[in-house]
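The values are calculated or read from the model by the stated rules, or taken from the named source; none is laboratory data. Only a predicted model underlies this, so the values are computations on that prediction, with no experimental measurement involved. Here Cβ is always computed from backbone atoms with ideal geometry, including for glycine, and neighbour counts include all displayed protein chains.
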Amino acid sequence: MSAVDKKLQMFEEAGGRAAIEKVTEAFYDKVYADPWLSQFFDGIPRSHIQAQQDDFMQAALGGRRGYSGKTPPSAHQHIYITEEMFEVRQAHLMSAFRECHASERMVEMWLAIEDAFRGRLTKDSMSDCVMRYPAEGIRNYPKPLGY
């Protein structure tokens, strides 16, 4: 069995595309309801974000390669993502895993991808952000009072 076939087999044994879609749906339920994180998605259709996440994770976890979006660092270069914000996001992801009864293998593989990108997504200051388009600006929303 080739390395690609073995990775695909592991992906399918972990739950495959159906498991990813289930987790992604539950995760974005939480993110879009979160008073801090939801601000970063203002004006962005949830269906688009979810489809991008599903396709990216499927490819990253060994499934069919159908993702055609930007790499996570370039897609998030204009967003001031702090370590605290990343931790809040991770808490929502862990809650989604539990809610969906994701397999241990799926959680392990998914978190390895998350960890691989963490240092390239989080920023120490606003000056670490790079505008994608002049009219867009930098996305930075402080934590709401009482959060």
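With the structure loaded, tell me whether VAL31 is under 12 Å from the mean Cα position of the chain (by Cα), closer than 23 Å to ASP124 by Cα, modelled with pLDDT of 95 or more and buried (at least 19 other Cβ atoms within 10 Å of the Cβ) or whether it fails that test.
Values: under 12 Å from the mean Cα position of the chain (by Cα): yes; closer than 23 Å to ASP124 by Cα: yes; modelled with pLDDT of 95 or more: yes; buried (at least 19 other Cβ atoms within 10 Å of the Cβ): yes.
Answer is yes for this residue.
One residue stands out among those in the stretch 127-147 that are of a type outside the set (D, E, K, R), closer than 20 Å to PHE86 by Cβ and in contact with a His (Cβ under 8 Å, 6 or more places away or on another chain): the one that is surrounded by the fewest Cβ atoms within 10 Å (Cβ to Cβ), which is VAL130. Residues being in contact with a Lys or Arg (Cβ under 9 Å, 6 or more places away or on another chain) and either closer than 21 Å to MET10 by Cβ or surrounded by 12 or more Cβ atoms within 10 Å (Cβ to Cβ) (or both) are entirely absent from the stretch 116-126. For the stretch 68-89, the criterion of a residue being at pLDDT below 95, crowded, with 16+ Cβ neighbours inside 10 Å and among the aromatic types (Phe, Trp, Tyr) is satisfied by no position. When the helices (runs of 4 or more DSSP H) confined to the stretch 27-140 are screened for residues that are without any contact (Cβ under 8 Å) to a residue 60 or more places away in the chain and among the small types (Gly, Ala, Ser), those reaching at least 2 such residues are found at 46-60, 72-75, 104-121.
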